[in-house]
Amino acid sequence: MTIQGTVTLKQGRDHSIKRFHPWIFSGGIESIQGSPKEGDWVAVQNASKKILGYGHYQKGTITVRVVSFSSEAPNENLYSAKLKTAFRQRKETRVLSTYTNSFRLVHGEGDGLPGLIVDLYQNVAVMQAHSIGMHNDRQLIAAALVETLGSTLDAVYYKSQSTLTVDSQNEYLYGMAAVPHTILEHGNKFLVDWEEGQKTGFFLDQRENRRLVGEMAQSKKVLNTFCYTGGFSVYALQGGAEQVDSVDSSERAVETTRKNIVLNGFDAIKNESITADTFDFIKDKKGVYDLIILDPPAFAKHKEARHQAMKGYQRLNAEAMRIIKPGGIIFTFSCSQVVDRQLFYDTVVSSAIQAGRIIKVLHHLSQPSDHPVSMFHPEGEYLKGLVLFIE
Ligand code: SAH
């Protein structure tokens, strides 16, 4: 790596980097030596010129995303070393099994690689950069993926067109693979299309929560809102649900839901897949469902949008609480990073007050072990969920 500059921190502002927090905020910076461009590698030193790490430079509130907390400059082996560590953790925690062949290999800061996401769909890695630095290093990272995963990897697809402010092509950086591809999750099959689908193609982060839905679905009439490609729907049917209605505003996602139901051997009659706005759909469905899943997209992508987003969560949850049958169960989620667990909980409480029903909290849900959170970077916890029992 060529180091293009040095960022010197203000006196007393080196605590967080020493504690392995990967973000250097502009307010903590005394001076910048050299003239680094967006995405360049820079060194970070404290006021007494001791080097504390290296990372990607970017103009903005977060000025450096630290990738290496070492006093020695990183070399080309950095990415393969990090990927090997990440892969070992997934193997040690048994994410990979005979029944599950797809998982998140790199979860940004949680894996010491801020700005990088890699989802592995059996033999295809889908890479997404959220920083210019990771974008610049994409070929190095693709080569490190090939080295780490060996002959089990057939292709690396790079998909950052919608996550970067610079021009970026969605393309294969290594090999090629046909879409849609059938993956296996807890023995259930799903079609994944990383080229045309949302995000990297599939929401791997709901794997364990889907399983819990399956465990509670026996004989129930289920409504899966914001269903995307029917992840929760397939598990509900697997768990013996009497009927599942799946709703999404994307026609393409609804079409794939239908295919996924059939792919898993279920009668299409047991699932009705509907293209609709969730808020419209549930209005007149009072007393129809025993189990409702609310898994909306991130209503708030940044802090400024948080207030409006909270109103969205409040209204959605209040509506579901109003219409669900007595003795019903609601799985409710928020994947907005800027909405923390407490704020989400308080909002759902406010929905409960509005709905005027007696409600118990059965489970607090989160993201699975292939979406790890660094202890020093709590911001990495983004998925929050509650399982509620409505009397
Ligand atoms: N639960 C899904 C992931 C949900 S992602 C899974 O397990 O895979 C959020 C989904 O909400 C997307 O598919 C998006 O198309 C859909 N969506 C966004 N706004 C919507 C709305 N107002 N009504 C219904 N669906 C919506």
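For this structure, a couple of remarks:
- For segment 270-300, filtering for residues that are over 20 Å from Thr257 (Cα atoms) and either among the aliphatic types (A, V, I, L, M) or touching an Asp or Glu at 6+ places or on another chain (Cβ under 7 Å) (or both) leaves 3.
- Arg65 being closer than 25 Å to Ser31 by Cα and out of contact with any Lys or Arg (no Cβ under 7 Å at 6 or more places or on another chain): yes
- The one condition from (1) within 20 Å of the chain's Cα centre (by Cα); (2) closer than 25 Å to Gln314 by Cβ; (3) charged (D, E, K, R) that Glu208 does not meet is (2).
- Segment 206-223, residues that are near the ligand (Cβ under 10 Å from one of its atoms) and without any contact (Cβ under 8 Å) to a residue 40 or more places away in the chain: Arg210
- Members of segment 244-300 that are of a type in the set (Val, Ile, Thr) and away from the ligand (no atom under 14 Å from the Cβ): Val262, Ile269, Val288
- Qualifying residue in segment 301-320 (condition: within 12 Å of the ligand (Cβ to nearest atom) and of a type in the set (Phe, Trp, Tyr)): no
- Selection status of Ala241, aliphatic (A, V, I, L, M), more than 9 Å from the ligand (Cβ to nearest atom) and either without any contact (Cβ under 8 Å) to a residue 12 or more places away in the chain or in contact with a helix residue (DSSP H, G or I) (Cβ under 7 Å, 6 or more places away or on another chain) (or both): no
- Single residue of Ser162, Ser102, Ser151, Ser168 found to be polar (S, T, N, Q) and touching a Leu at 6+ places or on another chain (Cβ under 9 Å): Ser102
- From Phe232, Phe203, Phe190, Phe226, residue being within 15 Å of the ligand (Cβ to nearest atom), in contact with a Pro (Cβ under 8 Å, 6 or more places away or on another chain) and of a type in the set (Phe, Trp, Tyr): Phe226
- Residues satisfying the stated conditions in segment 1-19, i.e. among the small types (Gly, Ala, Ser) and assigned to a helix (DSSP H, G or I): Ser16
- Tabulated pairs, segment 83-99, first of a type in the set (Ser, Thr, Tyr), second part of a helix (DSSP H, G or I) and surrounded by 15 or more Cβ atoms within 10 Å (Cβ to Cβ), C-beta under 8 angstrom, 6+ apart or interchain: Thr85/Asp111
Values quoted throughout were computed directly from the atomic coordinates according to the rules given, and no laboratory measurement underlies them. Quick caveat: nothing in here was measured; it's all calculated off a predicted structure. Please note: Cβ atoms are built from the backbone with ideal geometry, for glycine as well, and neighbour counts cover all protein chains shown.
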